[in-house]
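In what follows, a single structure is set out as structure tokens and then discussed.
A short reminder: the numbers here are calculations on the coordinates, not readings from a lab. Note that the coordinates shown come from a computational prediction; the quantities given were computed from them, not determined experimentally. A quick note on method: Cβ atoms are made from the backbone with ideal geometry, for glycine too, and the neighbour counts reach across all protein chains shown.
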């Protein structure tokens, strides 16, 4: 450890990959929460002209990538990179590939790696570019001195693939950035019951399944609506919605900001989240913070997040989801009890706890 405190480098690749999201939020919260004797550095974010975290000692080394053959590349490789590497006590990359032409072999200090999931390995045929992600992830895991997993389910997947990492892992959960919201008048949300889907819609997210479920539910209750928050609909999604005859019952909000997203949660009778696989599952936690019923899959990490604070269903049984949506649209029942339990679950997850647990890992590695 340096005399002036712990110097820790965060390679900022995830800030290039994500404009928003829980993974990006991890590092913003952790860096901001570091003690005064820590000196965080973060690379790879200068192109965005934004502050990704706040800390009195935060440095953002800036050295743009130039084409091979330029003298600036030689300056970077022979002076800038070696000088930066000599100063480090700890390295925590934010993703499995690195900015500025770094490789994992460049780093001689202890390395912490956060593993989010193994979705690219499990669903390689569904996700374009998975081969490269799997290769980079494998290299990063093998190099890491300690691995943080964002759920017990992810830790289990890790140790199944890399049993040699037993004893070198920690489970550190994410948290919702939403404050717990005051209750709304229930009558207003049940006049035209709206169900909400939030986030990416890649194959394993099971969105096509949800559209089929919703179409079947609409046959029995034509008042219900589905609101989708995320990317614009693809051509295939628009076509499926048209074929199912629900074009007038599906509304899309493209990349809502945090305040808008909170209002969508609060005005929905439930979040519907039939994902086949999650590393953590932030939308159910956000929904529960907004006093919105979370209806999710019963797979992978989602039981760790939702617990008894939501409804969990088999993501392959359409009939169960149809029945649940129709029942939820009527209101009443044990809805209030479920929402109260959801609020209890939300209080179990906090960014303060996430930061403290990261610090425990850091201190063990630099002591």
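Extension gain, residue 121 to residue 231, is 37.2 nm, computed as 0.36 nm per intervening residue step minus the present C-alpha separation. Sorted ascending by nearby beta carbons within 10 Å, beginning with the fewest, 9, 184 become 184, 9.
A Förster radius of 22 Å, combined with the Cβ-Cβ distance separating residue 239 from residue 202, puts the computed FRET efficiency at roughly 0.80. Here the residues 202, 239, 321, 351, ranked from fewest to most Cβ neighbours within 10 Å of their Cβ, fall in the order 239, 202, 351, 321. Among beta bridges from DSSP that stay inside the chain, the antiparallel ones total about 5%. Net length available on complete extension from residue 161 to residue 190 is 5.8 nm, with 0.36 nm assigned per residue and the Cα-Cα distance removed.
For the range 227-243, backbone nitrogen atoms closer than 17 Å to the point 7 Å from residue 18 Cα along Cα-to-C-beta are found at 230-231. Neighbour counts of C-beta atoms inside 10 Å place 325, 246 in the sequence 246, 325, starting with the fewest.
R0 = 45 Å: FRET efficiency of residue 308 with residue 145, Cβ-based, nearest 0.05? Taking R0 as 45 Å, the efficiency between residue 308 and residue 145 is 0.80.
Computed from Cα atoms, the angle from the helix 351-366 axis to the main principal axis of the chain rounds to 30 degrees.
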